[in-house]
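The values are calculated or read from the model by the stated rules, or taken from the named source; none is laboratory data. Everything numeric here is computed off the predicted structure, so don't read it as measured data. Cβ coordinates were reconstructed from backbone atoms using ideal geometry, including for glycine residues, and neighbour counts include every protein chain displayed.
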Amino acid sequence: MSPTAAGSTFWADLGEAVPDRLIGLNVAEASGMTAAATSGSRNLIAGDASKYLIVDHVMGPLLEFVPYLFDQATGRPNYTRGWLYHQRTGADALDTNAFRLLLM
C-alpha cells in the first residue's frame, strides 16, 4: 500500500508525497498507530469521518478546592492542598457500518 510501491491500486494519485486521497476518501494519519505491517496487525481504517462524533463535556463545578491531598503509596494525608478540574471527553462511531478495518 506504499505510495512508492509498483502497481499499487489503493492510492488515487501516485506522486512524490503521500496523496491526500485513497480510493476516493480523504487521508488522515494517526500517529498512535504502528507503521509496521505484521501478520494480524490492523494498520488501516477506511470510512466516513462524518459518522464519528467527538464530544467535550465540562461538568460543574469546573474547579474544586481539595483541602487535603493523600499520598498514593501509604494512603495517608501528606499535608498539602490542591485544585481538581473536571472535564470529560468521549467519542464513538454513530454508524459502525461506515468504517472498515484492514486486517493484515
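Data for the structure
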quantity	calculated
Single condition Ile54 does not satisfy, out of (1) surrounded by 10 or more Cβ atoms within 10 Å (Cβ to Cβ); (2) of a type outside the set (Ser, Thr, Tyr); (3) in contact with a Ser or Thr (Cβ under 8 Å, 6 or more places away or on another chain); (4) closer than 20 Å to Ser31 by Cα	(1)
Residue within region 43-63 that is under 16 Å from the mean Cα position of the chain (by Cα), farther than 23 Å from Arg88 by Cα, modelled with pLDDT under 75 and not in a strand (DSSP E or B) present	no
